[in-house]
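Let me begin by presenting the structure, written as structure tokens, before commenting on it.
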């Protein structure tokens with residue numbers, strides 16, 4: 001076993017990570033030429049900066065087709081397992097997640113992949129489980145995605161039960177379930193430590209799955225006052241199931257010396273130069289096949305999808321951005337991901353100006 005403590009399990013901080021740096025455009029559906037380029041070189045450069053700055057984790061998205069529009073947003077995606085292996089091999093402390101779709105990935109293969117990743121990173125791998133929502137993507141892969149959430153999450157539960165048993169069972173075993181029939185399987189190698197499990201869920205079945213199985217439930221923040229009750233309810237639901245869960249959200253950062261500069265850049269990227277065709281395709285698919293976002297706030301959500309894939313806006317001066325993060329902590333969130341139009345160009349200013357404020361407030 002490794003002596004490294006996975007950063008996700010550290011209790012002395014509000015967790016901060018990045019989201020979707022393996023995807024073209026990151027989280028910003030914009031046409032500006034300086035938008036994020038998801039090259040391996042850019043990802044490795046960012047990972048090393050994040051590691052040096054004591055940022056806690058990196059979370060990828062798993063995609064196989066883009067959202068069309070002028071930019072074909074998320075058409076280029078570095079595959080999460082290979083991406084994580086490369087980053088874990090060249091960093092020291094940061095946790096690197098892999099995002100895995102249960103329908104597209106066999107649990108025996110995934111158990112071995114994650115155990116291998118955890119050995120590469122000496123206890124720093126993480127698993128983000130996706131039970132499925134993007135039906136056109138599964139059609140592109142020739143897979144049948146169950147239309148009802150009950151079947152989808154029953155499949156995901158059996159899938160995860162197998163992964164868990166492979167990580168813990170020392171002997172070979174057979175499995176005779178509703179969805180998998182396995183003969184004499186065994187989980188070798190073993191993970192170096194406990195692997196943090198993350199799951200994003202919006203439906204009632206999805207949230208039941210998350211509070212039973214995940215260490216972290218991932219959910220959007222549209223209104224912080226709403227979120228306070230939501231986080232409290234999710235934690236209470238987990239407690240009733242005999243489990244505990246922390247809640248993470250995701251945010252989009254535009255941090256500049258003045259509020260005027262930040263708002264001007266937001267207007268430039270997410271209004272004037274938004275790829276609205278891609279935005280509308282993304283929103284339509286989310287609302288047709290996923291239940292993560294409140295449907296009564298569609299107009300607001302459409303704007304936020306252009307700027308940060310629906311993430312909570314952290315826009316303004318370093319103090320204003322820090323205040324926004326503090327408000328998320330006060331609402332009960334355990335942490336948030338951060339996205340930028342260009343992560344490598346913008347993170348250093350966030351690091352140098354916002355992180356010290358969070359440290360002064362006891363969040364880091």
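Just so you know, all these numbers are worked out from the coordinates, no wet-lab data involved. A quick note: this is a predicted structure, and the numbers were derived from the prediction, not measured. Glycine gets a Cβ as well: all are built from the backbone with ideal geometry, and neighbour counts include every protein chain shown.
Summary of values
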item	result
Inter-part distance where the range 136-164 and the range 55-119 are each reduced to a Cα centre, Å	18 Å
181, 186, 165 arranged by Cβ crowding within 10 Å, fewest neighbours leading	181, 186, 165
Residues 276, 36, sorted so that the one with the fewest Cβ neighbours within 10 Å comes first	276, 36
Shape call, the range 73-114: gyration tensor on alpha carbons, a/c limit 1.5	oblate
Likely footprinting exposure, 232, 98, 24, fewest C-beta neighbours within 10 Å first	232, 24, 98
Long-range Cα-Cα pairs in the range 86-150 (distance over 19 Å), rounded percent	43 percent
Rg(Cα) / (2.2 N^0.38 Å) computed for the range 7-360, rounded to two decimals	0.95
Degrees between helix 204-213 axis and first principal axis of the chain (Cα, 0 to 90, nearest 10)	70 degrees
Rounded to 10°, Cα long-axis angle of helix 40-52 versus longest principal axis of the chain	90 degrees
Acute angle (nearest 10 degrees) that the helix 224-240 long axis makes with the longest principal axis of the chain, alpha-carbon atoms	10 degrees
